[in-house]
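Asks: Quick one: the structure is below, questions incoming.
The values are calculated or read from the model by the stated rules, or taken from the named source; none is laboratory data. No experiment lies behind these values; they were computed from the predicted model shown. Counting neighbours? That spans all protein chains shown, and the Cβs are built from the backbone with ideal geometry, glycine included. Ligands, DNA and RNA are stripped out before the accessible areas are found, and what is left, the full protein with its side chains, is counted by its heavy atoms. Shrake-Rupley method; radii C 1.70, N 1.55, O 1.52, S 1.80 Å.
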Amino acid sequence: MAFENLSERLQKALRNLTGKGKISEEDINKASREIRLALLEADVNFKVVKDFIKKIKQEALGKEVQESLNPGQQVIKIVNEELTKMMGEENVTLTKSKHIPTIIMMVGLQGTGKTTTVGKLALRLKKQEHARPLLIAGDIYRPAAIDQLKQIGEQVEVPVYTEDNQDVAEIVKHGLEEADQHKNDYVIIDTAGRLEIDEPLMEELERVKAVAQPDNILLVVDAMTGQVAAEVAKTFNERLDITGVILTKLDGDTRGGAALSIRAMTGKPILFTGEGEKLTDLEPFHPDRMASRILG
Ligand code: GDP
């Protein structure tokens, strides 16, 4: 199971509290130290950990907890609530445009699963809303990327707009005209990725954003890269003011640092998680369920 180590360590840190009739400040300090170490080992950003521990201590040292009948349970409840808050509390869904099409611009570094996720999202919209999405191939630097999107489009039976043009902004403009003609209700734009963030990439994405005026800018990040994913999210957000994140490869993530850091570091929600390579492996992200999963 994902986050096994984190779950185990948090449970252990909290288990010591459950049997106690009354909890001392020392008990809480000890548990906090263990929680802190567990989160750092899970690759959560250190500043996020610091803020988290501060909140836990504040709440747990409150009078109510110490005087309550079952202080151990109370502390577990506090940790659960703060973990949930750290990940954003409510599930956030896509922003819908008042007029069709709702435009979704997908951004992210190469290899994170961006193109696959475009297909997953299209399939989900088809299944859930009987939507008729159009995909636009905007990753023009790698011919393989265009072919890959075409293949994915065939698999999920969704049309893909491609054009032999070096100007991505123009391709997007023409793709949107096509969507208007065919009355597609969603447009998902696949954009270029690089191995690392660089200035030309960011400038190109800004240009695409200006032309597309997307209702959603979703950043795809790889959960397995831990807090690096959270740093990447911070940088993309500063440049593009993203609306949210899709966290891929959660099925292979044993630590959980990305899931736990992204919201706190960017203020932006995780909307979906990728849980496998199949095009059906996309799940809405629920912070409360994730917190409960982590605490076991
Ligand atoms: P892109 O370069 O960002 O467009 O990445 P791709 O969509 O080509 O995906 C890169 C690799 O990650 C492919 O082998 C995908 O099958 C794989 N992948 C994408 N999402 C997931 C996921 O949620 N879980 C797993 N295990 N693999 C994924």
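Asks: Return the residue satisfying two criteria in turn: it lies in segment 213-231 and is among the β-branched types (Val, Ile, Thr) and crowded, with 23+ Cβ neighbours inside 10 Å, and of such residues it is farthest from the ligand (Cβ to nearest atom).
Replies: Among them, the one singled out is ILE217.
Asks: Now a separate question. What is the number of the single condition among (1) more than 16 Å from the ligand (Cβ to nearest atom); (2) on the phi > 0 side of the Ramachandran plot that ARG132 does not meet?
Replies: Unmet for ARG132, out of (1) more than 16 Å from the ligand (Cβ to nearest atom); (2) on the phi > 0 side of the Ramachandran plot: (2).
Asks: So, in segment 124-140, exactly how many residues are open to solvent by less than 30 Å² (accessible area, probe 1.4 Å) and in a helix (DSSP H, G or I)?
Replies: Residues that pass the stated criteria total 1.
Asks: Could you list, in sequence order, the residues of segment 244-266 that are closer than 24 Å to LYS50 by Cβ, within 14 Å of the chain's Cα centre (by Cα) and either more than 16 Å from the ligand (Cβ to nearest atom) or open to solvent by 30 Å² or more (accessible area, probe 1.4 Å) (or both)?
Replies: Across segment 244-266, the qualifying residues are GLY257, LEU260, SER261, ARG263, ALA264, MET265, THR266.
Asks: Among the residues in segment 187-210, are any away from the ligand (no atom under 16 Å from the Cβ), surrounded by fewer than 23 Cβ atoms within 10 Å (Cβ to Cβ), modelled with pLDDT of 95 or more and of a type in the set (A, V, I, L, M)?
Replies: Yes: one or more hits.
Asks: From the list PRO269, PRO284, which one is buried (at least 19 other Cβ atoms within 10 Å of the Cβ) and more than 13 Å from the ligand (Cβ to nearest atom)?
Replies: Criteria check complete, one pass: PRO269.
Asks: On to the next question. Just the residues that are away from the ligand (no atom under 16 Å from the Cβ) and not hydrophobic (A, V, I, L, M, F, W, C), please, taken from segment 90-117.
Replies: The answer is GLU90, ASN91, THR93, THR95, LYS96, SER97, LYS98, HIS99, PRO101, THR102.
Asks: For segment 19-35, indicate whether the set of residues that are open to solvent by 10 Å² or more (accessible area, probe 1.4 Å), assigned to a helix (DSSP H, G or I) and touching a residue at least 40 places away in the same chain (Cβ under 8 Å) is non-empty.
Replies: Residues of segment 19-35 open to solvent by 10 Å² or more (accessible area, probe 1.4 Å): 19-22, 24-27, 29-30, 33-34.
Still in the running and assigned to a helix (DSSP H, G or I): 25-27, 29-30, 33-34.
Those left that are additionally touching a residue at least 40 places away in the same chain (Cβ under 8 Å): none.
There is no residue in segment 19-35 that is open to solvent by 10 Å² or more (accessible area, probe 1.4 Å), assigned to a helix (DSSP H, G or I) and touching a residue at least 40 places away in the same chain (Cβ under 8 Å).
Asks: What single numbered condition from (1) within 16 Å of the ligand (Cβ to nearest atom); (2) free of Cβ contacts under 8 Å to residues at least 40 places away in the same chain; (3) more than 21 Å from GLN110 (Cβ to Cβ) fails to hold for ASP241?
Replies: Of (1) within 16 Å of the ligand (Cβ to nearest atom); (2) free of Cβ contacts under 8 Å to residues at least 40 places away in the same chain; (3) more than 21 Å from GLN110 (Cβ to Cβ), only one is false for ASP241: (1).
Asks: In segment 75-103, which residues are of a type in the set (Ser, Thr, Tyr) and buried (at least 19 other Cβ atoms within 10 Å of the Cβ)?
Replies: Within segment 75-103, THR84, THR102 meet the criteria.
Asks: So, one more: Within segment 100-113, how many residues are under 15 Å from LEU201 (Cα atoms) and not in a loop (DSSP other than H, G, I, E, B)?
Replies: The total comes to 4.
Asks: How many residues does segment 98-142 hold that are closer than 24 Å to GLU170 by Cα and among the small types (Gly, Ala, Ser)?
Replies: Final tally of qualifying residues: 5.
Asks: Just the residues that are open to solvent by less than 10 Å² (accessible area, probe 1.4 Å) and without any contact (Cβ under 8 Å) to a residue 60 or more places away in the chain, please, taken from segment 272-281.
Replies: THR273
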